[in-house]
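Any read-out appearing in this document is the output of simple, stated calculations on the displayed coordinates, not a laboratory observation. This is a predicted model, so every value here is computed, not measured. Here Cβ is always computed from backbone atoms with ideal geometry, including for glycine, and neighbour counts include all displayed protein chains.
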Amino acid sequence: METTGRTKVGANEPCWCGSGKKYKRCHRDQDADAAREGLPRRRSTPIVAGTVSPMRPVPPHIPRPDYAETGRPGPNNFPDVKDAERIARMRRACRLAAEVMAKTAAFIRPGITTDELDAICHEETIRAGAYPSPLNYRGFPKSLCTSVNEVICHGIPDSRPLEDGDIVDLDVTVYLDGMHGDTNATYCVGEVDAASRRLVEVTRQACDLGIAAVKPGGMVRDIGRAIEAHAKLHNLAVVRSYCGHGIGEVFHTRMQIPHYFDPRATVQFVPGMTFTIEPMINEGTWKDRLWNDGWTVVTGDGRRSAQFEHTVLVTETGVEVLTVTG
Ligand code: MF3
Ligand code: CO
Ligand code: CO
């Protein structure tokens, strides 16, 4: 952790971190926060695209979703309410997603590249007889999404080694028994500053509060109300451009789950519904920006973002989290 050298940099001068950006567009706000709290400033430099390795092959015996060859998913008008047989298959897919997540996350440490994490996720998914759902979904080139620091979501695994002090989200989705199971979590890499640790913990709590808001008779908007209230309480912002979604035979059904309070989200919860809750929460602005790779979503101000995701089932009495191990 850097404790010295809090030299003044002009707003329009190049940032001290070497990014080449103006200071006001790079570390200025984070430095001000750290100074106010008497903490050392963060040394992490903005994320830039690394080298993406060739697409990993999937053995022919693995059953594939419709988009695996073409990159284009077919119709998504599948029912969100599932019968017992479909729910049993959802349970298996979701449990596997949670297991692959745990196995992949165990390798997180400074120095490992996100491409190496993708290889582990890919191998573990295939070893279990499943297809890694991100692979070629709308052309996504990898089997895992890895979103580091100011990357909000859909980061493409590449040659960048994780650094001490980073936070990284792993988003694992598997296709097993004809169903998709989707989960993600943010991890700290080595020694992480207090503000980032707080961001990660508040986001985990926000996801749990969103899940706890689900019960039959309630409405989709109850989820966003709970999540947004918790983020506001901690002076953090909820991403608005990306939502949770219905899931099952297809990766994303038409059902949308906003993580902010949207009074129009009046769809009622019905036992048997399966969908994801996956809040993305930012230190600074809620606004996002898309890289020209067409995938990587970053915060509008370069400050950090965290995310947690579970696939859940509405039950007769409340909710069951499906993306759990054991
Ligand atoms: N897993 C992501 C979600 O939670 C979707 C990733 S799409 C991909 O909805 F193509 F980037 F993999
Ligand atoms: Co999802
Ligand atoms: Co996901």
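Could you work out the pair-distance distribution P(r) of the stretch 142-198 from its alpha-carbon pairs, with 10 angstrom bin width and percents rounded to whole numbers?
Over the stretch 142-198, the share of Cα pairs per 10 Å bin runs 22, 48, 23, 7, 0 percent.
How far apart, in nm, are the 7 Å Cα→Cβ label points at LYS22 and ILE112?
Result for the modelled spin labels: 4.0 nm.
Using 0.36 nm per residue, how much length does the chain from ARG254 to ARG64 gain when fully extended, once their Cα-Cα distance is taken away?
Difference between extended and current length: 66.3 nm.
Please check: in the Gaussian network model of the chain (C-alpha springs, under 10 Å), which one of GLY217, GLY18, GLY129 has the largest mean-square fluctuation.
Of GLY217, GLY18, GLY129, the Gaussian network model singles out GLY18 as fluctuating most.
Could you tell me the largest-minus-smallest coordinate of the C-alpha atoms of the stretch 231-326 on each of the three principal axes, in descending order and whole angstroms?
For the stretch 231-326, the Cα extents along the three principal axes come out at 43, 34, 33 Å.
If you build a Gaussian network model of the chain, linking Cα atoms that sit under 10 Å apart, which residue out of ASN136, ASN184, ASN235 swings the most?
In this elastic network of the chain, the residue with the biggest mean-square fluctuation among ASN136, ASN184, ASN235 is ASN235.
Any chance you could tell me what percent of the C-alpha pair distances in the stretch 191-244 go past 14 Å?
56 percent
Count neighbours as other Cβ atoms within 10 Å of each site's Cβ, and list the GluC sites (Glu not before Pro) in the stretch 1-81 that are DSSP loop with at most 16 such neighbours.
Qualifying residues, ordered by number: GLU2, GLU37.
Relative to 2.2 N^0.38 Å, what does the C-alpha radius of gyration of the stretch 75-230 come to as a ratio? Two decimals please.
1.11
What percentage of all Cα-Cα pairs in the stretch 138-245 are separated by more than 25 Å?
Of the Cα pairs, 30 percent sit more than 25 Å apart.
So between ASN292 and LYS8, what do we pick up on full extension, going 0.36 nm a residue minus the alpha carbon distance?
Length difference between fully extended and current span is 99.0 nm.
Please give the Cα centre distance for the stretch 1-73 versus the stretch 147-194, rounded to the nearest Å.
Comparing the Cα centres of the stretch 1-73 and the stretch 147-194, I get a distance of 13 Å.
What is the chain's relative contact order, in percent, from Cα pairs under 8 angstrom and six or more apart in sequence?
That works out to 19 percent.
With a 10 Å Cβ neighbour count serving as the proxy for reagent exposure, in which order, fewest first, do MET280, MET55, MET219 appear?
MET55, MET219, MET280
Fewest Cβ neighbours within 10 Å first, please rank LEU144, LEU313 accordingly.
Ranked by crowding around the Cβ, least crowded first: LEU313, LEU144.
If each residue of separation counts as 0.36 nm, what is the full-extension length gain between ARG43 and ALA229 once their alpha-carbon separation is subtracted?
Stretched fully, the ARG43-ALA229 segment lengthens by 63.9 nm.
Per the Debye formula with a single identical scatterer at each Cα and no solvent contribution, what log10 I(q)/I(0) holds for the chain at q = 0.13 Å⁻¹?
The Cα Debye sum returns log10 ratios of -0.94.
Using a/c under 1.5 as the rounded threshold, could you call the stretch 163-317 rounded, prolate or oblate? The axes a ≥ b ≥ c are square roots of the C-alpha gyration tensor eigenvalues, and prolate needs a/b larger than b/c, oblate otherwise.
prolate
Using only the Cα atoms of the stretch 217-281, each taken as one equal point scatterer with no solvent, compute I(q) by the Debye sum, divide by I(0), and report log10 of the ratio at q = 0.25 Å⁻¹.
-1.08
Can you sort ARG197, ARG127 so the residue with the fewest Cβ neighbours within 10 Å comes first?
Final ranking by Cβ density, sparse to dense: ARG127, ARG197.
Among the aspartates and glutamates, which fall within straight-line cross-link reach of LYS287, defined as a Cα-Cα distance under 18 Å, with same-chain neighbours fewer than 8 residues apart omitted?
Reachable aspartates and glutamates: ASP29, GLU150, GLU228, ASP262, GLU278, ASP301.
Mind listing which GluC sites (Glu not before Pro) in the stretch 161-220 are in a DSSP loop and have 16 or fewer other Cβ atoms within 10 Å?
Counting only loop positions with at most 16 other Cβ atoms within 10 Å, the GluC sites (Glu not before Pro) in the stretch 161-220 are GLU163, GLU191.
Which residue fluctuates most in the GNM of the chain (Cα springs below 10 Å): VAL200, VAL297, VAL148?
VAL297
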